[in-house]
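Participant: What follows is a structure written as structure tokens; I'll ask about it next.
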Amino acid sequence: MAFTRLQKIGAAAAVAAVVAVGATALVVQAATPTEATPVATSAPVETDAAPRAAPTATATPEPVAASNATASSPAVQAQLDYTLAHWSSYNAADYGVLGENDCVNFASQALIVRGWQMDATWNSPLNGDAYASSAAWRSSTALMNYIADTGKATALTDDQRDQVKLGDIVQFDWDNSGDRDHTGVVSRIEGSGDNIVIYYAGHTEDTDYRSVDFAITERHPGGTAYYWSIP
């Protein structure tokens, strides 16, 4: 019987829960009747790695393997270089910063480096005032509508990961309301077939390589990812 990606992630979470309960039971059983050994607890640590089937013997995060995807053109490589240079070091002098919601402002910058041209609907004044940029430049939902209206990219669902490329745009609907709540640039692609893992870079929860799976199962459980495949 085949399982979907989210069913696999759910099964993995159940296995991890059973392992955690069994480990706690062993610690309690080993304590003496008069002086119980306390069980240490800690808040889960957020990582950018995709959820794993079961915890390893140590707490050392599993390193991210080298990407099996390469930039399709010098323009895409320039876009990725800019994204990875500025995900934590903002280019505020030119583009400004939109408080805690700078993700689309940053994705738009990366698209400019790739070769997109500003127009009447999608633009920034390039004077450091991010709030003077257009709605499509700084709003995830407005950018979605702009790309759909202009046909600059092809819409893909999360079930079409095999068509996603480096430099494509990933957007998230955290509450499945139909709008878009977050935007990033695809910065790494791992695996193949039903085991493709996509990573993205972006502002707002600044990151260079955060997995889409982590975003929609751990950070925002139940969220949905969408992509814009750029020619």
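We did not get these values from a lab; they are worked out from the coordinates using the rules stated. None of the values given here were measured: they were computed from a predicted structure. Positions of Cβ are generated from backbone atoms using ideal geometry, with glycine treated the same way; all protein chains shown enter the neighbour counts.
Participant: List every residue whose amide H lies under 5 Å from the amide H of T207, counting only residues 5 or more places away in sequence or on a different chain, with H placed 1.01 Å from N in the peptide plane.
Facilitator: Long-range HN contacts for T207: G202.
Participant: Compute the distance in nm between two label points, each set 7 Å from the Cα along the Cα-to-Cβ direction, one at E205 and one at T224.
Facilitator: 1.8
Participant: Go through W87, G222, V212 and say which Cα lies farthest out towards the positive end of the charge dipole of region 74-229; charges sit on Cβ, +1 for Lys and Arg, -1 for Asp and Glu.
Facilitator: W87
Participant: With 5 Å bins from zero, work out the P(r) of region 74-229 over every alpha carbon pair and list the percent per bin.
Facilitator: Pair shares across the bins are 2, 10, 20, 25, 22, 14, 6, 2, 0.
Participant: Taking K and R as +1 and D and E as -1, what net charge do the other residues with C-beta under 12 Å from the C-beta of N105 add up to? Write down the numbers at each step before the final one.
Facilitator: Numbers: positive: R138; negative: D94, E100, D102, D129.
Within the 12 Å Cβ shell, the charges total -3.
Participant: Then there's this: How would you rank F106, F214, F172, going from fewest to most other Cβ atoms within 10 Å of each one's own Cβ? Working shown, then result.
Facilitator: Working: F106 28, F214 20, F172 23.
Taking fewest neighbouring Cβ atoms as first place, the list is F214, F172, F106.
Participant: Looking at F172, S192, S133, which one has the Cα that reaches farthest to the positive end of the dipole of region 88-222 (charges on Cβ: Lys, Arg +1; Asp, Glu -1)?
Facilitator: Of the options given, the answer is S133.
Participant: Another question about this same structure. Suppose every Lys and Arg Cβ carries +1 and every Asp and Glu Cβ carries -1, with no other charges. What dipole size does region 115-230 come out with about its Cα centre, to the nearest 20 debye? If you can, show how the numbers build up before the last one.
Facilitator: Working: 8 positive and 18 negative charges, 63 e Å.
Here region 115-230 has a charge dipole of around 300 debye.
Participant: A further question on this structure: Work out how much length S89 to T70 would gain on full extension: take 0.36 nm times their residue separation and subtract the Cα-Cα distance, in nm to one decimal. Before the final figure, lay out the partial values.
Facilitator: Numbers: separation 19, 0.36 × 19 = 6.84 nm, distance 2.38 nm.
The span from S89 to T70 would gain 4.5 nm if fully extended.
Participant: If the chain between K152 and E100 were fully stretched, how many nm would it gain, using 0.36 nm times the residue separation less the Cα-Cα distance? Write down the numbers at each step before the final one.
Facilitator: On the way: separation 52, 0.36 × 52 = 18.72 nm, distance 2.73 nm.
The K152-E100 span can extend by a further 16.0 nm.
Participant: When H220, H86 are ordered from fewest to most other Cβ atoms inside 10 Å of their Cβ, what list results?
Facilitator: Values: H220 16, H86 19.
So the ranking, lowest neighbour count to highest, is H220, H86.
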